[in-house]
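Have a look at the structure below, then the notes.
The values are calculated or read from the model by the stated rules, or taken from the named source; none is laboratory data. Computed from a predicted model, the values in this text were never measured in an experiment. Here the Cβ is made from the backbone with ideal geometry for all residues, glycine too, and neighbour counts use every protein chain on show. Surface accessibility is based on the protein's heavy atoms, side chains included, excluding ligands, DNA and RNA. Shrake-Rupley method; radii C 1.70, N 1.55, O 1.52, S 1.80 Å.
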Amino acid sequence: MDVITRGAVITEPGNSVENKTGTWRVFKPVINYDKCIRCLICWQFCPEPAILRHDDEETKQKTPAPKEALKKLPVVEIDYDYCKGCGICYNECPVHAIDFVKEEK
Amino acid sequence: MNYEKEEFFAPGHGMCAGCAAPIIVKWVLKLAGPNTIVVNATGCLEVATTAYPHTSWRVPWLHVAFENAAAAASGIEAAARAKGEKLNIIAFGGDGGTVDIGFQALSGMVERGHNVLYVLYDNEAYMNTGIQRSGATPWGAWTTTSKVGNANPIGKLQPKKPVARIIAAHNAKYVATANPAIFNDFKKKVEKALSYDGARFLHVISSCTTGWRHDPSKTVEIMKLASDTGIFPLWEVVDGDLENMRITYKPKKFKPVEEYLKPQGRFRHLLKNPEYVKKLQEQVDAWWAKYGHHYNP
Ligand SMILES: Cc1ncc(C[n+]2csc(CCOP(=O)(O)OP(=O)(O)O)c2C)c(N)n1
Ligand code: SF4
Ligand code: SF4
Ligand code: SF4
Ligand SMILES: [Mg+2]
């Protein structure tokens, strides 16, 4: 972009998604779907937000969760494009279903 | 319509990993829904979510200056009223922009009774310019302008300005303190604040990993300790009726203030002297002795 818009107006809502802040990550949260009870606490507190919540059958199928885990409850999935690796989800998960491992780059 | 599953706040912003402010914002927007206009005071939230030409906001959003978010929101509300439009007008300001420099604009907004929800995300210092003390910085906190050394081993020497009580004393429609880590209480208060007409004010604690000097993964845990030690009490006042202030949350057993201090670098010096810890505990105990009878869950 070479010209600044009048009033520095940004006309495209939410276009910060072009910034892939996942590159900031030093530690990486990894959900263990065998332990996850789908309480949504990680989704609730992720500040980016970088935890997706899948409620319908179709999007659930696309998650990394094992098929036997796709019961009625919603499924959470970490969006590594944006996860900065703060570790809040890892710290708050009530059943310790999130591992926090060194990022490999 | 329930918009809880939707995100009106987009990722890709530049807030520090583990910053609590986006947790507050994303939930206020989820509960308000798309029929919303946001005004933002200068500060971390404004700077880091709107680095031109990008924005993380999926609702109309306006920034004017540091000191006048409440004035700008008042103007939008007056225009909406003139046009007969019914929508949520929400202002977000940091503690510097609310408790200090934006206080006059806020006081005017509340006195004129504008139909605006003002949300203070209180990280207890001017963080975006490098951790300077504000009127909301608590007693005993280190900042770059309340330095700790031989001349002053305590840090900030003055207590926190009771801004929410001051706004309630304007006879604001609804005033509450809230803590995203005490999630049900936080959510209920945001919903309640959104349901009223008139000037509403939410004072929300917002941990800053950079300025409070703590591990980013501890953000929610530390904020929870703020209310479980009684340091950040949670209450609400309707129509300025401070005599009938209602304390909405009380831990079964208060934790000692040390537990809140320990994980935060900004309080490390206090732990070296039991006298200082005792002094802080006394301040907290005095608040609860004075107001504790208002507990009414
Ligand atoms: C009139 C004016 N004075 C000073 C500044 C510089 N300034 C920008 S952000 C900021 C600090 C904001 O502090 P706060 O409101 O607490 O928000 P935080 O950054 O902590 O979230 C300051 C001093 C400014 N933008 N305008
Ligand atoms: S580590 Fe932080 S940014 Fe990443 S998914 Fe967990 S809460 Fe979100
Ligand atoms: S907090 Fe833990 S148990 Fe709850 S949804 Fe997230 S990963 Fe699953
Ligand atoms: S400096 Fe503090 S308030 Fe500002 S973005 Fe970082 S953590 Fe959040
Ligand atoms: Mg601040």
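In table form, for the structure just shown:
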| read-out | value |
| --- | --- |
| Residues A:Val3 and A:Lys62, FRET efficiency given R0 of 51 Å [Cβ-Cβ distance, rounded to 0.05] | 0.80 |
| Contour excess over end-to-end distance, with Cα ends at B:Lys262 and B:Thr129 and 0.36 nm allotted per residue | 45.4 nm |
| Of all DSSP beta bridges in chain B, antiparallel share, percent nearest 5 | 25 percent |
| Dipole of the protein assembly as shown, positive end: most advanced residue of B:Gln283, A:Tyr80, B:Thr55 [Cβ charges, Cα centre] | B:Gln283 |
| Net charge dipole size for the protein assembly as shown [Lys, Arg +1 and Asp, Glu -1 on Cβ; Debye, nearest 20] | 860 debye |
| Rounded FRET efficiency, nearest 0.05, which uses the C-beta distance separating B:Glu282 from A:His96 and R0 of 30 Å | 0.20 |
| Fluctuation leader among B:Lys160, B:Lys272, B:Lys147 - chain B, Gaussian network, Cα springs under 10 angstrom | B:Lys272 |
| Net +/- balance of residues flanking A:Val95 in space, Cβ distance below 15 Å, scoring K and R +1, D and E -1 | -1 |
| Cross-link pairs A:Lys105/B:Lys224; B:Lys83/B:Lys188; B:Lys147/B:Lys279; B:Lys189/B:Lys290 - those with Cα-Cα distance over 26 Å | A:Lys105/B:Lys224; B:Lys83/B:Lys188 |
| Spatially proximal aspartates and glutamates relative to B:Lys26 (Cα-Cα < 12 Å; intrachain offsets below 8 disregarded) | A:Glu48, B:Glu4, B:Glu6, B:Glu7 |
| Heavy-atom accessible area ranking, 1.4 Å probe, most first, across A:Thr11, B:Thr144 | A:Thr11, B:Thr144 |
| Förster radius 25 Å - calculated FRET efficiency between A:Asp34 and B:Glu221 (Cβ-Cβ, nearest 0.05) | 0.50 |
| Pair B:Ala51, B:Lys290: separation of 7 Å Cα→Cβ label points (nm) | 4.3 nm |
| Residue-averaged beta-carbon neighbours from other chains (10 angstrom radius) around B:211-218 | 3 |
| Residue-level accessible surface for B:His170, protein heavy atoms, 1.4 Å, Å² | 50 Å² |
| Antiparallel DSSP beta bridges within the stretch B:8-100, percent to nearest 5 | 10 percent |
| Under 20 Å from the Cα of B:Lys160 - aspartates and glutamates, other chains or at least 8 residues apart | B:Glu67, B:Asp95, B:Asp100, B:Asp122, B:Glu124, B:Asp228, B:Glu236, B:Glu258, B:Glu259, B:Glu275, B:Glu282, B:Asp285 |
| Chain A - Cys residues lacking any other Cys C-beta under 4.7 Å | A:Cys36, A:Cys39, A:Cys46, A:Cys83, A:Cys86, A:Cys93 |
| Cut-off under 5 Å, modelled amide H: who pairs with B:Tyr118 long-range | B:Ala91, B:Arg200, B:Phe201, B:Leu202 |
| For chain B, built as a Gaussian network whose Cα springs stay under 10 Å, the top-fluctuating residue of B:Gly93, B:Gly240, B:Gly130 | B:Gly130 |
| Length added when fully stretched, B:Asp241-B:Thr145, from 0.36 nm per residue minus Cα-Cα | 31.0 nm |
| Residue among B:Ala172, B:Ala48, B:Ala181 with the largest mean-square fluctuation in a Gaussian network model of chain B, springs linking Cα atoms under 10 Å | B:Ala48 |
